[in-house]
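Reading through the structure tokens given below for one structure.
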Amino acid sequence: MKLPANFYKPLAIGAPMPLRELPVRAERMIHFYPPHNEKMAAKVPEMVSKVDVLLGNLEDAIPADAKEAARAGFIATAKQVDFGNTGLWTRINCLNSPWVLDDITEIVASVGNKLDVMMLPKVEGPWDIHYLDQLLAQLEARHNVRKPILIHAILETAQGVKNVDAIAAASPRMHGMSLGPADLAASRGMKTTRVGGGHPFYGVLEDKAEGKPSRTLYQQDLWHYTVAKMVDACMSAGIKAFYGPFGDFSDDDACEAQFRNAFLLGCVGAWSLHPGQIAIAKRVFSPDVKEVLFAKRILEAMPDGTGAVMIDGKMQDDATWKQAKVIVDLAKLVSQKDPELASAYQF
Ligand code: GLV
Ligand code: MG
């Protein structure tokens, strides 16, 4: 076991000090774009103000013969564009792939000072995080990177889910984790052909009742267990949990329902793979106006967060005060990005 005293020490001489607190930022949607596609890359400057995080994808969905073009395209865009307070992330290839070493070394060498987060796919255990942690420290030192590049793991293998607590606590570089339902379904041997979302056959059949010939199957959320497990691992380690991709671009309602389940269970954002999903994520991961106004009343009624009061017939105490604070803090955060929401929340 690493000694607690060494946990926050840089892993290479000359690397920046690891962060003790994560940067406080709204990250409602991580918007994916394919950097080898010139038309898409040309749209990055106009996308920057529309999203919380922009991610250049180098891994799955990028064809093998475009991997190098994607990396070069990402580096070129990262150099040229001013991202302001929008996060700049990349998803590198997985650690056993032939591309990943060049992904990491070239990106840190050329745009290490602009990159906020490196997303690592197919994380199986803390050893994967330790490897990237060490390599990033060496590269940061070599290239004079001044703030640590954070690591975001994708939870998308059965073994990763088993090791999720250790992954979340593996390094002070850990930013958070996203559920990767497509790879996870394959890794677990689930009998589906989808990227996230529910399945019409996964449900609970209502009881038999006399005189009622047909029974309803109530569809259940396939991802409930994993999202909840991921949220507990992340929140107990002080990092953020995200739902990942929703692949059916023709079904915005189902996308919204999946994002909302994740939001209610504790996730702070999701991936947007299509421009139409940006608005969905914004709507879902910004707290509801009525909830915020109610939460503000709870905080006002209990200035020091203790005791019990009744508001509109509902009992409030220290625990609901804490829930209200989660909602109001999030509302304040998204208000910094979104003046319309700031006025709706009455800040
Ligand atoms: C994402 O990478 C997934 O596999 O769902
Ligand atoms: Mg995947």
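The values are calculated or read from the model by the stated rules, or taken from the named source; none is laboratory data. The shown structure was predicted, so the numbers you read here are calculated from the model rather than taken from an experiment. Counting neighbours? That spans all protein chains shown, and the Cβs are built from the backbone with ideal geometry, glycine included. In case anyone asks, the SASA skips ligands and DNA or RNA and just uses the protein heavy atoms, side chains included. Shrake-Rupley method; radii C 1.70, N 1.55, O 1.52, S 1.80 Å.
Output the residue which, of all residues in segment 104-135 that are of a type in the set (A, V, I, L, M) and farther than 17 Å from Leu55 by Cβ, is least open to solvent (accessible area, probe 1.4 Å).
In this case the residue turns out to be Ile129.
Consider Glu140 against the criteria (1) among the charged types (D, E, K, R); (2) out of contact with any Ser or Thr (no Cβ under 7 Å at 6 or more places or on another chain); (3) closer than 19 Å to Ala228 by Cα: it satisfies all of them except one. Which criterion is unmet?
Looking at each condition in turn, Glu140 falls short on (3).
With the condition kept exactly as written, say whether any residue in segment 93-103 is among the polar types (S, T, N, Q), open to solvent by less than 10 Å² (accessible area, probe 1.4 Å) and at pLDDT 95 or above.
Looking through segment 93-103, at least one residue is among the polar types (S, T, N, Q), open to solvent by less than 10 Å² (accessible area, probe 1.4 Å) and at pLDDT 95 or above.
Could you pull out the residue among Pro200, Pro213 that is over 22 Å from Asp248 (Cα atoms) and open to solvent by 30 Å² or more (accessible area, probe 1.4 Å)?
After ruling out the rest, the residue left standing is Pro213.
Would you tally the residues in segment 117-139 being within 16 Å of ligand 2 (Cβ to nearest atom) and assigned to a helix (DSSP H, G or I)?
Looking only at that region, the number is 1.
In segment 140-215, which strands (runs of 3 or more DSSP E) lie fully inside it and hold 1 or more residues that are within 16 Å of ligand 1 (Cβ to nearest atom)?
Output list reads 150-155, 174-179.
What are the residues in segment 262-277 that are surrounded by 15 or more Cβ atoms within 10 Å (Cβ to Cβ) and more than 14 Å from the chain's Cα centre (by Cα), if any?
Within segment 262-277, His274, Gln277 qualify.
Which of the residues that make up segment 40-61 are open to solvent by less than 10 Å² (accessible area, probe 1.4 Å) and in a loop (DSSP other than H, G, I, E, B)?
Answer for segment 40-61, where residues must be open to solvent by less than 10 Å² (accessible area, probe 1.4 Å) and in a loop (DSSP other than H, G, I, E, B): Val51, Asp52, Leu58, Glu59.
Can you tell me which residue in segment 174-197 is nearest to ligand 2 (Cβ to nearest atom), limited to those that are within 20 Å of the chain's Cα centre (by Cα) and open to solvent by 20 Å² or more (accessible area, probe 1.4 Å)?
Asp183
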